[in-house]
1. How much length is gained if the chain between residue 63 and residue 97 is pulled fully straight, taking 0.36 nm per residue apart and subtracting their Cα-Cα distance, in nm to one decimal?
2. Does anyone have the angle between helix 130-147 and the longest principal axis of the chain? Alpha-carbon axes, 0 to 90°, nearest 10?
3. So how tilted is helix 98-115 from the main axis of the chain? Cα-based, degrees 0 to 90, rounded to 10.
4. Rounded to whole Å and ordered largest first, report the semi-axes of the equivalent ellipsoid of region 101-148 derived from its Cα gyration tensor (root of 5λ).
5. Where does helix 65-90 land angle-wise versus the long Cα axis of the chain, in degrees 0 to 90, nearest 10?
6. Indicate the gyration tensor shape class of region 41-106 (rounded, prolate or oblate), computed on the Cα atoms with a ≥ b ≥ c the square roots of the eigenvalues: a/c under 1.5 is rounded; otherwise a/b larger than b/c is prolate and the rest oblate.
7. Can you give me the relative contact order of the chain as a percent, contacts being Cα pairs under 8 Å and 6 or more apart?
8. Between region 76-97 and region 1-53, how many Å separate their Cα centres?
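Derivation of every value follows stated rules applied to the coordinates shown; laboratory data play no part. Being a predicted model, the structure only gives us computed values, none of them experimental.
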Ligand SMILES: [Fe+2]
Ligand SMILES: [Fe+2]
């Protein structure tokens, strides 16, 4: 059985985030850094808000304790990623910590993506039928759009 389009959509976003994170780390000029941090922000922030309003809202109410725990852990990772992302957006482009902060954010996000795709997606596949995943996809898109 092929994967639901909601999960494939999230995986595509993750690939884009990883590619942008890698480019952001190696950016050296202020112009490159400005362009890439904005692109990275736009690829990451609305995605997180969309996930929170859909799959994490759902998992927070799940009967399955492991599903709830994994959802809560992922939400804490979003919380930390948002703080570091905000700091990166506010940083002087020639700051000596720019590359270090971008690297930490990229590492946080890669770790988060791995757990999301392995654990969170498995919970959703176990707990949701096709109809429910479509509903979550709609909630995701609505919240993502509002966060842009
Ligand atoms: Fe996430
Ligand atoms: Fe994600």
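1. Going from the current span to full extension adds 7.9 nm.
2. Value to nearest ten degrees: 30.
3. Value to nearest ten degrees: 10.
4. Computed over region 101-148, the values are 25, 18, 4 Å.
5. That helix lies at roughly 20 degrees to the long axis.
6. Note, shape of region 41-106 comes out prolate.
7. 39 percent
8. If we compute the Cα centre of each part, the gap is 15 Å.
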